[in-house]
Amino acid sequence: MLFTSFAFLVLFAITFSLYYLPIAVNYQVPILIISSLIFYAYNQPELLLLLLFSAFINSIASYLVVHSNLVHQKRIATVGVVVNLGLLAFFKYGQLIGSFFIRPATTESFLLSVPLPIGISFFTFEGISLLVDVYRGNVDERKHLVSPSVLDHCKRTLLFISFFPHLIAGPILKAHDFLPQIHVKTLGQINVQRCFRLLVTGYFLKMVVADNLKDFTFWIAYPYFQSYSSVNLLVMLFGYSCQIFADFAGYSLIAIGLASLFGYEFNPNFNFPYIATSFKDFWKRWHISLSTFLMEYLYIPLGGNRKGELRTYLNLLITMFLGGLWHGAAWSYAIWGLAHGLALAVERFLSPRFALPNRAMFRFASGALVFGFVSLAWLLFKLPNFSHVMGYFSSIAKNKTMAPDFLQIFQILLYSSPVVLYHAHYLFKYSQQRVQVVFPSYVYYAVMLFFIALNSGNSGDFIYFQF
Amino acid sequence: MIAKALFLFFVLVSLYCISIQVVQPSLRISLNQWQTNLVKAQNFLYTADSCRNVVVGSSLSARLDIPELCNLSFVGLSAFDGMRMLQSTDYKLDTIYIETNILLRSEDEVFTAQLTNPFLFQAKKHILALREGKQPLAILIKESYEGLQKLKRGNKKTVTAPAAVDPALFDKLLANQVLLYSTPPTNQALNNSMVRLHAFVKEFEERGAQVVFFEMPVHKKLCNLPVSISLREYMHKTFPPNRYNYIVQPDCGAYHTTDGVHLSEQEALHYLAYFQRHCSRLTSFDSVNQLENR
């Protein structure tokens with residue numbers, strides 16, 4: 001179910017009304033669970049069983065970790081993590097693995113027929129987070145994560161995994177952030193103004209910016225890009241960078257706003273990533289819930305930067321390679337991750353040796369370099385076939401003499417401008433220069449609502465749904 | 001803050017709706033293919049009461065533009081989308097012309113849902129500003145772009161010739177199409193398409209419409225590749241030519257395309273003359289001479 005669909009509006013209205021009914025105070029968790037299961041089952045009802053199975057396995061394994069002796073704890077936690085990864089491997093990477101290692105046609109066609117359950121990458125990682133947090137936690141921390149009653153713990157785990165605002169496209173929640181928040185909520189606790197700001201900005205970014213840009217960046221696809229001029233190809237790439245940000249940051253803001261309406265706080269998932277002046281900075285600002293997950297549960301356990309310089313570079317490459325593969329079962333995603341890992345490693349190698357002066361000009365140049373690299377790398381998201389990516393670059397180089405389509409350029413720049421202004425606003429807010437705000441904030445929200453009502457693009461899936 | 005924002009929002013929306021309703025009710029602007037499809041479909045659903053002859057198809061037949069026909073051919077979609085639209089209305093049709101080139105592409109459910117959602121349908125029917133062709137930014141873009149163009153041209157009246165297709169690019173595009181047309185479709189895919197098409201045809205015939213199939217000309221290299229041949233064979237098997245009307249594909253060698261499958265504007269007129277000559281034998285309208293003079 002899409003956050004932008006009419007069906008979702010109805011589901012949300014019913015859930016919200018029931019949730020805060022005084023007589024339903026003790027049923028808030030079941031109300032959210034039922035609503036989340038309906039949300040998930042709306043498009044793929046048959047895959048609801050998988051979600052329930054995942055929640056069940058993680059509930060039982062985490063419960064057993066707490067209630068068993070030291071010898072068994074590690075074994076149970078390991079088995080739980082392996083089951084999670086096994087589910088992910090089977091449902092998400094079955095085709096990729098099958099195409100490489102398994103030859104018999106029947107097995108291959110069976111693997112090709114396995115449907116990709118929406119949100120599996122998100123809820124699997126959340127399950128792993130629960131098991132690792134419970135295993136690593138001390139007695140006090142475990143108390144917040146695992147209830148004494150197994151039934152109650154299953155209920156809380158199911159809510160943690162299935163809570164609809166984050167269920168199908170994140171942000172990836174960590175057990176230690178979410179589970180302690182489960183208690184009775186009242187209407188008075190809601191910061192309505194904050195929720196309003198988050199939801200309006202989120203819906204504006206998604207429905208007006210991303211959904212409109214989508215129809216102009218569509219032509220990046222093979223073979224259409226071949227008939228565009230170099231300028232158009234570069235502008236389309238810029239537009240796609242803005243689209244992917246608006247799509248995912250918009251989704252995350254809506255998710256955070258919705259969760260907040262039910263009394264749950266999610267950490268921010270984006271922090272103006274396109275102003276980053278280094279690759280490290282970029283990954284602290286882009287899809288923060290994934291990068292912190294990879295940092296806490298992969299990079300640090302691999303040794304992080306504690307085992308020498310070479311090992312640090314290797315750890316960065318492994319982490320980003322797997323982070324890339326997390327996005328999808330295609331080698332293009334792995335290459336995308338590897339490219340980012342390489343950029344992080346090179347930056348780490350160069351930065352102590354060639355420190356740039358802290359001047360605005362250099363910061364701007366670094367920012368442009370990071371943005372340029374990130375934008376070129378997004379092409380791997382749009383063109384999963386690597387030869388098409390190379391074809392795109394070759395068209396940029398070859399189509400210089402073609403007449404640019406100025407109308408298309410104008411449209412892409414116009415629809416990208418909110419993303420640029422959004423970042424510029426943040427930059428100026430924290431710079432030493434004082435910027436005079438021309439209108440009171442309600443005017444901006446009214447204008448955004450106006451465009452949501454009258455200028456939304458064709459409603460499409462969120463890009464991160466496929467991950 | 002929220003109350004002020006909502007109040008201002010209602011004021012802005014109301015002003016815009018009134019200005020569209022009063023000043024520019026017939027304005028229709030589309031800037032991308034999705035918008036073009038929606039504007040075309042909404043125009044048909046809300047205003048084309050007197051349409052008795054309808055063409056349904058893909059981008060290949062989107063340029064079949066004559067007053068006697070309502071064209072529900074959509075870029076990037078197929079004849080199924082047009083038929084689904086007609087199915088959702090209680091239109092009285094005399095003739096439906098179904099393009100058979102792109103029948104392996106199934107219907108786009110998002111497109112259909114956007115047009116047939118009962119709430120949105122009624123809202124867009126009565127509030128013109130909610131229709132896709134009247135988006136404020138699209139109007140702004142179009143107006144400013146045209147303004148800039150005028151400024152650039154000054155008072156000189158220039159006629160822009162259609163851009164010539166780069167031969168190297170054309171070869172690449174054609175090679176892509178050859179590759180696509182060379183992969184024979186599975187029997188299951190063909191069967192599914194025919195079953196779906198048969199259901200539509202049956203329904204239109206029951207409503208009293210005459211069904212005419214036509215195949216658009218494409219590049220001569222594509223005319224007899226496996227996809228074209230299989231589709232033709234399945235069509236003839238499901239809808240025998242002795243029972244159904246066909247406007248057969250003309251000699252592909254006589255037509256030039258821009259990318260292997262789409263006719264240029266001039267070539268579309270060329271085909272239109274052929275199409276109308278055959279239509280006039282089947283139906284009541286006849287404006288061949290008028291078209292041939294264009």
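General observations
- Fraction in percent of alpha-carbon pairs per bin - 5 Å, the stretch A:6-189: 1, 8, 15, 18, 17, 15, 11, 8, 4, 2, 1, 0, 0
- If you plug the beta carbon distance of residue B:3 and residue A:14 into 1/(1 + (r/R0)^6) with R0 = 25 Å, you get a FRET efficiency near 0.50.
- Label zone at residue A:150, where the point sits 7 Å out along the Cα-to-Cβ direction: the stretch A:72-92 residues whose backbone N lies under 17 Å: A:73, A:76-77, A:80
- Cross-link reach is defined here as a Cα-Cα straight distance under 12 Å, omitting same-chain residues fewer than 8 places apart; for residue B:172 the aspartates and glutamates meeting it are B:259.
- Karplus 3J(HN,Hα) series, Hz, for the stretch A:11-18 with 6.51 cos²θ - 1.76 cosθ + 1.60 (x for Gly, Pro): 4, 4, 4, 5, 4, 4, 5, 5
- Look at the stretch B:28-34: the mean tally of other chain Cβ atoms within 10 Å of its residues' Cβ atoms is 4.
- Rounded tilt (10° steps) of B:187-206 against the dominant C-alpha axis of chain B: 70 degrees
- Per-residue shielding of A:221-230, expressed as the average number of other chain Cβ atoms within 10 Å of the residue Cβ, stands at 3.
- Simple label model, 7 Å out from Cα along Cβ direction - residue A:438 to residue A:265, nm: 3.5 nm
- Stokes-Einstein D for chain A, Kirkwood Rh over Cα pairs, 25 °C, 0.890 mPa s (µm²/s): 103 µm²/s
- Set of the stretch B:173-200 residues, backbone N closer than 15 Å to the point 7 Å along the Cα-Cβ line of residue B:236: none
- Calculated FRET value between residue A:342 and residue A:136, using beta carbons and R₀ = 30 Å, to 0.05: 0.45
- Partnerless cysteines in the protein assembly as shown, where a partner means another cysteine C-beta under 4.7 angstrom, comprise A:154, A:195, A:242, B:17, B:279.
- Test item: Cα-centred dipole of chain B, Lys/Arg +1 and Asp/Glu -1 on Cβ, debye: 700 debye
- Under the combined filter of DSSP loop state and at most 15 neighbouring Cβ atoms within 10 Å, the stretch A:323-413 retains these trypsin sites (Lys or Arg not before Pro): A:353, A:359.
- Inter-label distance, residue B:27 to residue A:280: 5.3 nm, where each label sits 7 Å from its Cα along the C-beta direction.
- The charge dipole of the stretch A:6-189, taken about its Cα centre with unit charges on the Cβ atoms of Lys, Arg (+1), Asp and Glu (-1) only, comes to about 260 debye.
- Chain B: C-alpha pair distances exceeding 33 Å, %: 32 percent
- In nm, spacing of pseudo-spin labels at residue A:183 and residue A:373 (7 Å Cα→C-beta vector): 4.5 nm
- Dividing the helix sum by the residues of chain A, where each DSSP H run of 4 or more adds -39500 (n - 2.57), gives a mean residue ellipticity at 222 nm of -22000 deg cm²/dmol.
- Under 26 Å from residue A:143, Cα to Cα: lysines that are on another chain or at least 8 residues apart: A:74, A:155, A:174, A:185
- Average beta carbon contacts from partner chains per residue of B:127-136, 10 Å cutoff: 2
- Cα centre as origin, Lys/Arg/Asp/Glu Cβ charges: the protein assembly as shown dipole, Debye: 1820 debye
- Paramagnetic reach from residue A:364 in the stretch A:258-283 [backbone N under 20 Å; point 7 Å along Cα→Cβ]: A:273-279
- Peptide ranges A:407-418, A:186-197 listed from the most packed, as the mean C-beta count within 10 angstrom indicates: A:407-418, A:186-197
- Comparing mean-square fluctuations of B:257, B:183, B:95 from a GNM of chain B with C-alpha springs under 10 Å, the top value falls on B:183.
- Calculated FRET value between residue A:311 and residue B:150, using beta carbons and R₀ = 56 Å, to 0.05: 0.30
- Positive-end residue of B:276, B:262, B:80, charge dipole of chain B with Cβ unit charges: B:262
Read the figures in this text as sums done on the coordinates, not as results from a lab. None of these values were measured; they are calculated from a predicted model. All Cβ positions, even for glycine, are placed from backbone atoms using ideal geometry, and neighbour counts span all protein chains on display.
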